[in-house]
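Participant: Quick one: this structure, given as structure tokens, is what I'll be asking you about.
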Number of protein chains: 4
Amino acid sequence: MPHSVSVFGSAGFTGALTARLLLGHPSLELSALTARSDVGRRLDDLYPHHRVPIELEELDLDRHAEVDAAVVAYPHGAAAPLVAELRARDVRVVDLSADFRLHDPEVYGHWYREHQAPELLDEAIYGLPERYRDQIRGAGLVANPGCYPTASLLALGPLARAGLIGDVIIDAKSGVSGAGRAATDKTHFVTADENVNAYGVPSHRHIPEIEQELAMLGADVRVTFVPHLVPLDQGELVSCYVTPSEDVGDLRTLEALYAEAYAGEPFVELTPKPPGVRDVRETNICRISVHLDERAGRVIVFAAIDNLWKGAASQAVQNLNLMLGLPEEEGIGVTVAGEREALR
Amino acid sequence: MPHSVSVFGSAGFTGALTARLLLGHPSLELSALTARSDVGRRLDDLYPHHRVPIELEELDLDRHAEVDAAVVAYPHGAAAPLVAELRARDVRVVDLSADFRLHDPEVYGHWYREHQAPELLDEAIYGLPERYRDQIRGAGLVANPGCYPTASLLALGPLARAGLIGDVIIDAKSGVSGAGRAATDKTHFVTADENVNAYGVPSHRHIPEIEQELAMLGADVRVTFVPHLVPLDQGELVSCYVTPSEDVGDLRTLEALYAEAYAGEPFVELTPKPPGVRDVRETNICRISVHLDERAGRVIVFAAIDNLWKGAASQAVQNLNLMLGLPEEEGIGVTVAGEREALR
Amino acid sequence: MPHSVSVFGSAGFTGALTARLLLGHPSLELSALTARSDVGRRLDDLYPHHRVPIELEELDLDRHAEVDAAVVAYPHGAAAPLVAELRARDVRVVDLSADFRLHDPEVYGHWYREHQAPELLDEAIYGLPERYRDQIRGAGLVANPGCYPTASLLALGPLARAGLIGDVIIDAKSGVSGAGRAATDKTHFVTADENVNAYGVPSHRHIPEIEQELAMLGADVRVTFVPHLVPLDQGELVSCYVTPSEDVGDLRTLEALYAEAYAGEPFVELTPKPPGVRDVRETNICRISVHLDERAGRVIVFAAIDNLWKGAASQAVQNLNLMLGLPEEEGIGVTVAGEREALR
Amino acid sequence: MPHSVSVFGSAGFTGALTARLLLGHPSLELSALTARSDVGRRLDDLYPHHRVPIELEELDLDRHAEVDAAVVAYPHGAAAPLVAELRARDVRVVDLSADFRLHDPEVYGHWYREHQAPELLDEAIYGLPERYRDQIRGAGLVANPGCYPTASLLALGPLARAGLIGDVIIDAKSGVSGAGRAATDKTHFVTADENVNAYGVPSHRHIPEIEQELAMLGADVRVTFVPHLVPLDQGELVSCYVTPSEDVGDLRTLEALYAEAYAGEPFVELTPKPPGVRDVRETNICRISVHLDERAGRVIVFAAIDNLWKGAASQAVQNLNLMLGLPEEEGIGVTVAGEREALR
């Protein structure tokens, strides 16, 4: 019998895509979609290409929380109270906001606002399956990582675990969907087209999340992180510049380190050439290449993801799969099912 | 047991996408990929996002024709001789070129060159399933329609069949992938970006194909057809302006005509609003809207497809499914499987 | 001594560009910029690339109308009352709205709303210099044409004047700046990118303007006009399909007709190949090609303009130049001054 | 009397734009355009938007070198012999290639090939006017900087001169025109669109040029430099991450350092917000912002240029102006003449 799932906050880009993935999922049943704007409209009216013929409803916990699991796609700060209510009703939750990503409520308070449900922080698992797969299995609350942390941590994880990161600069490039559905000067076509610029300088909110997780792997560094908006719809590349803390050997050694770290990972691809975001568009895949700048003594790592997929919605489904004891790739690898098997 | 299929000419955009779709197809087995350029390279090196880890081989009919079916993605003119050889070996063929689309070898000769295998024209079925589904079932040779004719005929079919087309102008807009993989001044990013222009004026080669099929439906008209290149990668919109031959009634009557014509069609969607090419990106779907310009006495029909999918590769698989007795949607509806069922 | 000019409504795309052009104009002096939103901000903060270091002020006619001329860039309907006040103070006005383009207030009322200053309609000159140059010279009120009518009328003028238009369909493609500065779902990058679709079907407001001016030239037709949004920032192409009312001769005859019609025109270019919008980007130039579809018996004319320049702001300056007795090309041909001379 | 100038190698993007700028230049006279491909075609056929109605000729030094000055837009390696011939005829030369940028022929030999005219290296001035204005005045041979070095050195110059650069990472993003006119897989629209990726990792040829010039300012560092291709036509952003060698004070101190360094510079703009490449499109302007990442102890500097303008052609004209004793801004600031004066 399929597990029932509601999506709370389905009118935004990530909630809507989550709904689409759930609708096509063989072992999950999309129960309800709620929204705060656009209530009463059908999702396939807002997003024709997702083809989800379901109406957006106003939140009614008595009806919408009668499910096995929920995905919450609320803004930071607004998510925590809803998550608390869902957990009180024993619904498993994947939360797409930042509210449960940081273990320390004071750090959260510094970068966001006072935490609304600090009592849940202990049970929240950071939802990067390549890192916390075992803890996610059976978890009740998973904090889905931010898109930038997802790519950055997959890029830097092997180096961090090996104790090789002296310091690190992350220069990220993201498509405009990363700025969300809100129509603003920033997301206006005429602003973003034929343009590139940095934003959130020098203190983007994804920094504490990256630092926390690097520290968990033993790399206690202050990260310089600068995201840039580039004129494409979805896709994200992080270019990571690592000054190693000790000799890293040659390129072959580095490549072996990555190959070992990601052996058997269904959604990580290693390539010798720098990956393009186009290579991973509309997939749950993170594509990584590692390079050695011998002249300057630096390791350079690139990681490309689709910010709406592995950076949000499909990773949420990957986490749901693990939480519910389903095959990890179910419902997200469909388009490339044949290929992925062939690749292994 | 799955049917084995080879793709001949896999280095181009449509052949490569066909290979990807076949690799993920549950009832077909991708046997071999041949190419004329790039022999020896793996397809996932040329097209990482297709994830087809198979090497391109030089044509060797003794090995590559040992299959149940073949897709030929050769240039116009070059396809016919290969198709003839494959048919001589009793291989079922979907041909993506124009070589078997026109019934009259003289018309073909006028628009292309002298036909290389006119003896096969009689058995060739024009591969528009929404029109010739029954003939395609079990056929030995199917001529996959051009991308512009696919969209144009789906847009105009109901009007033509109802005897309502007095004359018609088709203004088409296509993404740059329609110009093929060849790197030229025309496909250079700096030429196509921030640009729109018409090409093939006034006599694009897709005209006879459109006229032939409209005539089969009873509309004996000279079509004005003008394609335009627009700055996007894949997607195609045709805007059809029909001066009706008689009174068409009101908009409701027209909409009913289309609803009836496409009732039950798995890959045609009717919408009240003009469709966007984004709505059908990476799908086999044709999305159509019909409008009435009462002031000027014209019917306006829009149809959007993905030129590489419904306009080529996924329609080829749709045809293969029919030819081999498989479910028509197998292997092409996967990404939206759940949704499509829900829509019905 | 330079003429002083104020721009009313400078926060939008066309008002801001007008301000930039005036600031660089050798014989005009930019006096003041008013706005309804963003008052208090400097224009170079809103539009860095225009480099207009002037603050937007709230409307104060006593100060801002103390000028020789004004450009009004208000929304349709809102412009008329302001224009009336400016004319009462004897300020020469170029109005970018539709308010004074239609001679018949009833037609205006049908497509827009009740006219707010019908008494001024008699003195308003339709500001297409290639058509009404003599009347614009010294005029007090010029109604700057819409972007689509500008391109359409320049494309069709010679045929209309020659009595050759039986009927006409205009399929237009415009960049997103044509939708204005307002941040909406429609202008969001993620909506417009990789997309093409029609809008305003079947009754776009530019139709009466086109029909009025074609009728003035003797072509009394009902125009089918359909604009499409394409993923680029600025630029517009109209593809005009004319069924001639009588024999038009061969292509050479048509080309001669156009060559004669536009001989000596500083801002019209004729080309044998279909023009691209990129060819006219950031210029006041309209680039036109005429073609003959002998099979279907139709004349096809393409015209490309920059919708913000010749379609609005630079044409406004062209009109100002004529109204004030300045050289017609002053302040708009600067970037290509040398070339244009060389071309003649 | 105007100075006569020939452009050698006008068929490429930078040579063609140089020709356009020279044609519009009030004190220079475009004498001849040579090319290696496309001989016999007119430049306005290849590049309609440049409107240069001049035919490309095969190189004939006896005719084409009878000029006061020349711009050479040949590939690296091919330029040096031509430059030598021109200098032998006493023609002043701005060379757009890398051939005379590196003072040390061994370094050149390491990154490119054996130098073909090392005897000229001593007289060659590195053509960054903001750095070497006095030496460029009256120079006979100016090596126009690469686009990446132009932006990088303008971004880093003030820090280098102040002795503050401990080490530096430069992450650059460039539009596709930076890859040149050659139609390749890389410049194909379908490759570049909706994509971002790094190239030239880890050893792009612009590195020695950047290091040489930083060293001249006292910063003896090994630079990590990684360029990325982004989906836009022209424009370039460098994001520079500097670990300072000593305490740099607060942000205000840094901003004062930059304000002083660039006081009076006609083509450098300082902004508090990160610049967008759109802000400088089709201008000779470099727009710079400096930031302090106090958490990580780094200085971040962004610089945006148009790679074809300040990164090549308009900087070449700027250099020509200086070499010939003309006003530095002549012929390149025309479009924003008024604004620029207003800004000062």
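Only the coordinates and a few stated rules stand behind these numbers; no lab work does. Since this is a predicted model, take the numbers as computed values, not measurements. Positions of Cβ are backbone-derived with ideal geometry, glycine not excepted, and every protein chain shown enters the neighbour counts.
Participant: Short version: ³J(HN,Hα) in whole Hz for each residue of the stretch D:58-63, in order, from phi by Karplus 6.51 cos²θ - 1.76 cosθ + 1.60 (θ = phi - 60°), x for Gly and Pro, what are they?
Facilitator: In residue order, the calculated couplings are 6, 4, 9, 4, 4, 8 Hz.
Participant: Let me ask something else about it. With Cβ to Cβ distances under 12 Å as the rule, what net charge do the other residues near B:V5 carry (K, R +1; D, E -1)? Write out the running numbers ahead of the final one.
Facilitator: Working: positive: B:R92; negative: B:E29, B:E66, B:D68.
Charge balance near B:V5 sits at -2.
Participant: Separate question: Can you pull out the GluC sites (Glu not before Pro) in the stretch A:7-69 that DSSP calls coil and that have at most 15 other Cβ atoms within 10 Å? Show your work: numbers first, answer last.
Facilitator: Working: sites: A:E29, A:E55, A:E57, A:E58, A:E66; in loops: A:E58, A:E66.
Listed in order of number, the matching sites are A:E58, A:E66.
Participant: Moving on. Under the definition of Cα pairs under 8 Å and six or more residues apart, what whole-number percent is the relative contact order of the stretch A:163-270?
Facilitator: Details: 149 pairs, mean separation 48.6, N = 108.
For the stretch A:163-270, the relative contact order is 45 percent.
Participant: For peptide B:269-279, how many partner chain Cβ atoms fall within 10 Å of a residue's Cβ, on average? Write down the numbers at each step before the final one.
Facilitator: Working: counts 3, 0, 3, 0, 6, 9, 4, 12, 6, 13, 8.
Mean shielding by partner chains, rounded to a whole number: 6.
Participant: For the stretch C:206-315, just say rounded, prolate or oblate: build the C-alpha gyration tensor, square-root its eigenvalues into a ≥ b ≥ c, call rounded for a/c under 1.5, and beyond that prolate if a/b exceeds b/c, oblate if not. Show your work: numbers first, answer last.
Facilitator: Numbers: a/c = 1.57, a/b = 1.33, b/c = 1.18.
Prolate shape, in that a/c is at least 1.5 and a/b is the bigger ratio.
Participant: Pop a pseudo-label 7 angstrom from the Cα along the beta-carbon direction at both D:H103 and D:R295 and give the gap in nm to one decimal.
Facilitator: Each label point is offset 7 Å from its Cα along the Cβ direction, giving 4.1 nm.
Participant: Based on DSSP, what percent of beta bridges with both residues in the protein assembly as shown are antiparallel, to the nearest 5? Spell out each step's value before the answer.
Facilitator: Details: 106 of 227 bridges.
Just about 45 percent of them are antiparallel.
Participant: Give a quick list of GluC sites (Glu not before Pro) in the stretch B:71-136 that DSSP marks as loop, anything other than H, G, I, E or B, with at most 13 other Cβ atoms within 10 Å.
Facilitator: Working: sites: B:E85, B:E106, B:E114, B:E119, B:E123, B:E130; in loops: B:E114, B:E123.
Answer by residue number: B:E114, B:E123.
Participant: I've got another one for you. Assume the label is 7 Å from Cα along Cα to beta carbon: what separations in nm does A:D90 have to the matching positions in the other copies?
Facilitator: So the label point of A:D90 gives 6.4, 8.7, 9.9 nm to the other copies.
Participant: Another question, then. Using only Cα atoms, tell me the angle between helix C:207-216 and the longest principal axis of chain C; keep it within 0 to 90° and round to the nearest 10.
Facilitator: So the inclination is approximately 70 degrees.
Participant: Under 13 Å from the Cβ of D:G146, count the other residues' Cβ atoms, weight Lys and Arg +1, Asp and Glu -1, and hand me the total.
Facilitator: Local net charge: -3.
Participant: Can you tell me the order of C:234-247, B:261-274 when each peptide is scored by its average per-residue count of other Cβ atoms within 10 angstrom, highest first? Please report the intermediate quantities before stating the final value.
Facilitator: On the way: C:234-247: 22.4, B:261-274: 16.9.
Final packing ranking: C:234-247, B:261-274.
Participant: Which of the three applies to the protein assembly as shown, rounded, prolate or oblate, going by the alpha-carbon gyration tensor with a ≥ b ≥ c and a/c under 1.5 meaning rounded? Before the final figure, lay out each step's value.
Facilitator: Numbers: a/c = 1.32, a/b = 1.03, b/c = 1.28.
Cα axes put the protein assembly as shown in the rounded bin.
Participant: Same structure again: Quick check: from the Cα gyration tensor, does the stretch C:105-190 come out rounded (a/c under 1.5), prolate or oblate? Walk me through the numbers before you get to the answer.
Facilitator: Values: a/c = 1.76, a/b = 1.20, b/c = 1.47.
It is oblate, given that a/c is not under 1.5 and a/b is not larger than b/c.
Participant: Run the numbers on chain D and let me know its relative contact order in percent, using alpha-carbon pairs under 8 Å that are six or more apart. Let's see the in-between values first.
Facilitator: Numbers: 755 pairs, mean separation 58.8, N = 344.
After rounding, I find 17 percent.
Participant: Hey, what angle do you get for helix A:79-88 against the long axis of chain A, alpha-carbon based, 0 to 90 degrees rounded to 10?
Facilitator: 60
Participant: Note the angle between two axes, namely the Cα long axis of helix C:313-323 and the longest principal axis of the Cα atoms of chain C, as a number of degrees from 0 to 90, rounded to the nearest 10.
Facilitator: Tilt relative to chain C: about 80 degrees.
Participant: Spelling out what I want: for every residue of the stretch A:106-113, take phi, set θ = phi - 60°, compute 6.51 cos²θ - 1.76 cosθ + 1.60 (Karplus), and round to whole Hz; glycine and proline get x.
Facilitator: Whole-Hz 3J(HN,Hα) from phi for the stretch A:106-113: 6, 4, 4, x, 5, 8, 10, 7.
Participant: Using only alpha carbon pairs under 8 Å that are at least six residues apart, calculate the relative contact order of the stretch B:18-119 and give it in whole percent.
Facilitator: Details: 130 pairs, mean separation 19.6, N = 102.
Contact order relative to length: 19 percent.
Participant: I need the peptides A:310-320, B:216-226 ranked by packing, meaning the mean over residues of other C-beta atoms within 10 angstrom, with the highest value on top.
Facilitator: A:310-320, B:216-226
Participant: Go ahead and run the numbers for FRET between C:D60 and C:M1, Cβ-Cβ distance against an R0 of 30 Å, rounding to 0.05. Present the calculation step by step, with values, prior to reporting the outcome.
Facilitator: Details: r = 24 Å, r/R0 = 0.80.
Efficiency computed from Cβ-Cβ geometry: 0.80.
Participant: Which whole-Hz ³J(HN,Hα) couplings does the stretch A:150-160 yield from phi under the Karplus relation 6.51 cos²θ - 1.76 cosθ + 1.60, θ = phi - 60°, glycine and proline marked x?
Facilitator: Calculated HN-Hα couplings, in order: 4, 5, 5, 6, 5, 5, 9, x, x, 5, 5 Hz.
Participant: For D:C286, enumerate residues with amide H under 5 Å from its amide H, sequence gap 5+ or separate chain, H modeled in the peptide plane.
Facilitator: D:V268, D:E269
Participant: Now, a different point. If the limit is 24 Å between Cα atoms, which of D:K186/D:K273; B:K186/C:K173; B:K186/C:K273; A:K173/C:K310; A:K310/D:K273; B:K173/B:K310 go over it? Walk me through the intermediate numbers first.
Facilitator: On the way: D:K186/D:K273 32 Å; B:K186/C:K173 19 Å; B:K186/C:K273 14 Å; A:K173/C:K310 35 Å; A:K310/D:K273 30 Å; B:K173/B:K310 15 Å.
Among D:K186/D:K273; B:K186/C:K173; B:K186/C:K273; A:K173/C:K310; A:K310/D:K273; B:K173/B:K310, the Cα-Cα distance tops 24 Å for D:K186/D:K273; A:K173/C:K310; A:K310/D:K273.
Participant: What is the set of long-range amide H partners of A:N307 at a cut-off below 5 Å, with H atoms built 1.01 Å from backbone N?
Facilitator: Counting only residues 5 or more places away or on other chains, the set is A:G235, A:E236.
Participant: Further, regarding this structure: When you look at the Cβ of every residue in D:175-182, what mean number of other chain Cβ atoms sits within 10 Å? Provide the component values of the computation, followed by the final result.
Facilitator: Details: counts 6, 4, 4, 1, 3, 2, 4, 2.
The shielding value for this peptide is 3.
Participant: How well do other chains shield peptide C:45-51, expressed as the mean number of their Cβ atoms within 10 Å of each residue Cβ? Could you put the intermediate results ahead of the total?
Facilitator: Details: counts 2, 1, 2, 11, 12, 3, 11.
Mean number of neighbouring Cβ atoms from other chains: 6.
Participant: So, counting K/R as plus one and D/E as minus one, what does the shell of residues with Cβ under 12 Å around C:L292 add up to?
Facilitator: -2
Participant: For the stretch C:228-263 and the stretch D:183-248, what is the centre-to-centre distance using only Cα atoms, to the nearest Å?
Facilitator: Using only Cα atoms to place each centre, the spacing works out to 45 Å.
Participant: Looking at chain C only, what percent of DSSP beta bridges run antiparallel? Nearest 5 please.
Facilitator: Numbers: 26 of 56 bridges.
About 45 percent, rounded to the nearest 5.
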